[in-house]
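> Have a look at this one before I ask anything.
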Amino acid sequence: MSTIYFSRTGNRKEFTTKTLQIFSEHFQKAKKIFLKPNIVSYEPYPTTTHPEILETILKQLSNHEITAGDAPAIDAGKSNKIIAKSALKQVCDNHSVKLVNLYSEKMQKVKSPRGYKITISTLPLTSDFTISLPVLKTHFLVGLSGALKNQFGYLSKKDRLLMHAKIKNLNKGIAEVNAAAPANLFIIDGVETMIKAQECRHGGCTTKLGYMLAGTDPVALDHFGLQLLQEVEPRIEENKQKAIRYIEYAEKIGVGLKNHISTEI
């Protein structure tokens, strides 16, 4: 059973620093660390990861070889331009860290023990430690965008198209990418969130939630995150029914467990 660390806070820097201290033994010997922010489109936070979290991590882990990267939504526009104009790009530039467009990087075909085939970025596979940096928010298709959904950014454009076209199972895809390339630590921003949808362009609305959470188990974190969203999301029951499909499948295939211990820090 994993432990979820959380705070009722708006202080991202303090929470991120505490989290890195708690989990320091997990990554202190890692040479290559990969950071996976959420850069889904041109929209700023809370659609995408807040720059302060990335800034704090880069300062704290400056003695490691770090690469950051994501691949924006396929309908959001030119991916290279989205990455280049992201507020996170300036943060990375200030620390001489590469922020890469995963669509432009090497991909690898993976077949799970269940026969599910995907093509994903090799960056998380070739790193010693991966830190995932999602924003906790509603997703109009799958109910929740949080710990598990953030790794969707590893997938090739073709796989994303097939999943959104329902040719491939989207819920299984979310779970299977986490099985193929598991993140080692999640630091999730719920200080502000999106309700109704994951982006403003899809009808999402920004609202305050007031939480930060962290842990190693994405299944537990998403289960916990759904409970937090009950405070602000008017369609939470509908979203729970959607999200539970991929959360339960992820648990079934061994990605994590819903049961957890929660500790306020």
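Coordinate-derived values only; no laboratory data. Here the structure is a predicted model, which is why all the values come from computation and not from measurement. Positions of Cβ are generated from backbone atoms using ideal geometry, with glycine treated the same way; all protein chains shown enter the neighbour counts.
> Less than 18 Å apart at the alpha-carbon level, and either on another chain or at least 8 residues along: which lysines does that give for LYS242?
Answer for LYS242, where 18 Å is the Cα cut-off: LYS137, LYS149, LYS166, LYS168, LYS172, LYS196, LYS252, LYS258, listed by chain and number.
> Oh, and also: What ³J(HN,Hα) values, in whole Hz, does the Karplus curve 6.51 cos²θ - 1.76 cosθ + 1.60 give for region 187-193 when θ = phi - 60°, with x put for Gly and Pro?
Once rounded to whole Hz, the list reads 10, 10, 9, x, 4, 10, 9.
> Okay, next question. Report Rg (one decimal) and Dmax (nearest whole number) for region 1-152, counting Cα atoms only, units Å.
For region 1-152, the Cα-based Rg and Dmax read 15.6, 43 Å.
> Would you give the gap between the C-alpha center of region 223-265 and the C-alpha center of region 144-160, rounded to a whole Å?
Here the two parts' Cα centres lie 17 Å apart.
> How do ARG114, ARG12 line up, fewest other C-beta atoms within 10 Å first? Display every interim value, and only then the final one.
Values: ARG114 12, ARG12 21.
Sorted ascending by nearby Cβ count, the order is ARG114, ARG12.
> What is the sum of charges around ILE120, taking Lys and Arg as +1, Asp and Glu as -1, for the other residues whose C-beta is under 9 Å from the C-beta of ILE120?
Values: positive: LYS109; negative: ASP159.
Taking every Cβ under 9 Å from that of ILE120, the sum is 0.
> Then there's this: Does region 210-265 classify as rounded, prolate or oblate by the C-alpha gyration tensor (a ≥ b ≥ c root eigenvalues; a/c under 1.5 gives rounded; else a/b over b/c gives prolate, otherwise oblate)? Kindly include the intermediate steps, with their values, before the conclusion.
Numbers: a/c = 2.80, a/b = 1.06, b/c = 2.64.
Verdict is oblate for region 210-265.
> What GluC sites (Glu not before Pro) does region 212-245 have in DSSP loop regions with at most 15 other beta carbons within 10 Å?
On the way: sites: GLU231, GLU237, GLU238; in loops: GLU231.
When the GluC sites (Glu not before Pro) of region 212-245 are filtered for loop state and at most 15 Cβ neighbours within 10 Å, GLU231 remain.
> Related question: Taking Cα extents along the principal axes in Å as the quantity of interest, determine which of [x] 43, 39, 36; [y] 55, 41, 36; [z] 62, 48, 26 was computed from the displayed structure.
Correct label, based on the coordinates given: [x].
> At 222 nm, what value in deg cm²/dmol follows for the chain if DSSP H runs of at least 4 each add -39500 (n - 2.57) and the sum is divided by all its residues, to the nearest 500? Mind dumping the intermediate values first?
Working: 10 runs with 92 residues, N = 265.
Theoretical 222 nm ellipticity from helices: -10000 deg cm²/dmol.
> Over region 2-264, what is the percentage of antiparallel beta bridges among all DSSP beta bridges, to the nearest 5? Provide the component values of the computation, followed by the final result.
Values: 22 of 43 bridges.
Percent antiparallel among DSSP bridges in region 2-264 is about 50.
> Counting other C-beta atoms within 10 Å, which of LEU125, LEU209 has the fewest, and how do the rest follow?
Ascending number of Cβ neighbours within 10 Å: LEU125, LEU209.
> Now a separate question. Show which lysines lie in cross-link reach of LYS59 when reach means a straight Cα distance below 18 angstrom and same-chain residues fewer than eight apart are skipped.
List returned: LYS13, LYS18, LYS29, LYS31, LYS32, LYS36, LYS89, LYS98.
> For the residues CYS200, CYS92, CYS205, what sequence is obtained by ranking on other C-beta atoms within 10 Å, fewest first? Spell out each step's value before the answer.
Numbers: CYS200 16, CYS92 24, CYS205 13.
Arranged by neighbour count, lowest to highest, CYS200, CYS92, CYS205 become CYS205, CYS200, CYS92.
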